[in-house]
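The values are calculated or read from the model by the stated rules, or taken from the named source; none is laboratory data. Here the structure is a predicted model, which is why all the values come from computation and not from measurement. Note that we place each Cβ from the backbone using ideal geometry, even for glycine, and neighbour counts take in every protein chain shown. The area values use the complete protein model at the heavy-atom level, side chains included, leaving out ligands, DNA and RNA. Shrake-Rupley method; radii C 1.70, N 1.55, O 1.52, S 1.80 Å.
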Amino acid sequence: MSDDDSIAMFRDSAQAFLGAQDQRQRVRALDDSGGGFDRVQWQQMADLGWLSILVPQALGGLGLGVAEVAAIARVCGQHLMPEPFVDAGVHPAALLAALPVSALRDQLLTQLSTGALVAGVAWQEQAGQLQNQTGQTQCSLAGSTGSTLSLHGRKRFVRPGPGADGWLVSAAHEGQVALIWLPADSPGLVQHAERGIDGSTLSTLTLNGVQLPASHLLAMGAAAEHAIDQASELARIVQSAELLGIAERALALTGDYLRTREQFGKPIGSFQALQHRLVDGLIQ
């Protein structure tokens, strides 16, 4: 199968799956119930292979790349799908795939690809932050044998928030950047949900001396920094594809309105000034 065939296959799969129901109605229903996402829908996405794209073949994944997930994300944007495909289906998988091999890394990747685990990446600490920072989040060894990690600090703008099973958290450890697996039910973890500007739900994670097994430390130093940077860049590309899909849908809805809304006995789309504005939107 050629690269173009692979991209077309996933694009068509997304169009068929998401076009089978009105995603806008689903958005409203989820919003009325407090936000979040549908685990049943998420499992169906896993069954279609969407969550396996970035997972290495050695772990049962498809071992493909950014073009395939970007094709899906663009269709997700066009249909306004509420599930966090980029945040939970792309970002954590790309991050784990870039880490050194370990039993925990492989386990998390396998669970992500099957839909059994919904996870995100907690790396931001302040508004406008584009690079990983760990100034507010500290990790230290605890216990008499040093077999326990103790986490203190705060992570903001975490997606997915409520409903996630856990997060990959960046923290400062022994003067280096560390990446740690944080289950959502960890004692000492306080999750505060809030609404983003787009109406979706995100969380602030406050870590009040969260105690974790030392085995939850996935990587440190250059390996952790490189994986975080690489995964974040890939996620930004895929998120750009999703935003493109949203813009395309907005333009299409606007065009439909201009063709059907009448004023002075004719469709307002016949007015040259509005035609020019629609063309400007298409060009942009």
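In the stretch 78-111, which residues are charged (D, E, K, R), crowded, with 19+ Cβ neighbours inside 10 Å and under 23 Å from GLU225 (Cβ atoms)?
Restricting attention to the stretch 78-111, the residues satisfying the condition of being charged (D, E, K, R) are 83, 87, 105-106.
Then keep just the ones that are crowded, with 19+ Cβ neighbours inside 10 Å; that gives 83, 87, 105.
Correct list: ASP87, ARG105.
If ALA73 meets every condition in (1) more than 16 Å from SER200 (Cα to Cα); (2) over 16 Å from the mean Cα position of the chain (by Cα) apart from one, which number is that one?
Of everything listed in (1) more than 16 Å from SER200 (Cα to Cα); (2) over 16 Å from the mean Cα position of the chain (by Cα), ALA73 misses just condition (2).
Can you tell me which residue among ALA172, ALA178 is open to solvent by 10 Å² or more (accessible area, probe 1.4 Å), assigned to a strand (DSSP E or B) and under 24 Å from ALA94 (Cβ atoms)?
From the options ALA172, ALA178, the qualifying one is ALA172.
Which of the residues belonging to the stretch 18-61 are modelled with pLDDT of 95 or more and open to solvent by 20 Å² or more (accessible area, probe 1.4 Å)?
Passing the criteria: GLN43, GLN44, ASP47, LEU48, LEU54.
Looking at the stretch 1-33, which of its residues are farther than 16 Å from GLY65 by Cα and free of Cβ contacts under 8 Å to residues at least 24 places away in the same chain? Reasoning before the result, please.
Going residue by residue through the stretch 1-33, those that are farther than 16 Å from GLY65 by Cα are 12-33.
Listed by number, the residues that qualify are ASP12, ALA16, ALA20, GLN21, ASP22, GLN25, ARG28, ALA29, ASP32, SER33.
For residues in the stretch 248-270 being open to solvent by 60 Å² or more (accessible area, probe 1.4 Å) and of a type in the set (A, V, I, L, M, F, W, C), which is nearest to VAL90 (Cα to Cα)?
Per the criteria, the residue is LEU253.
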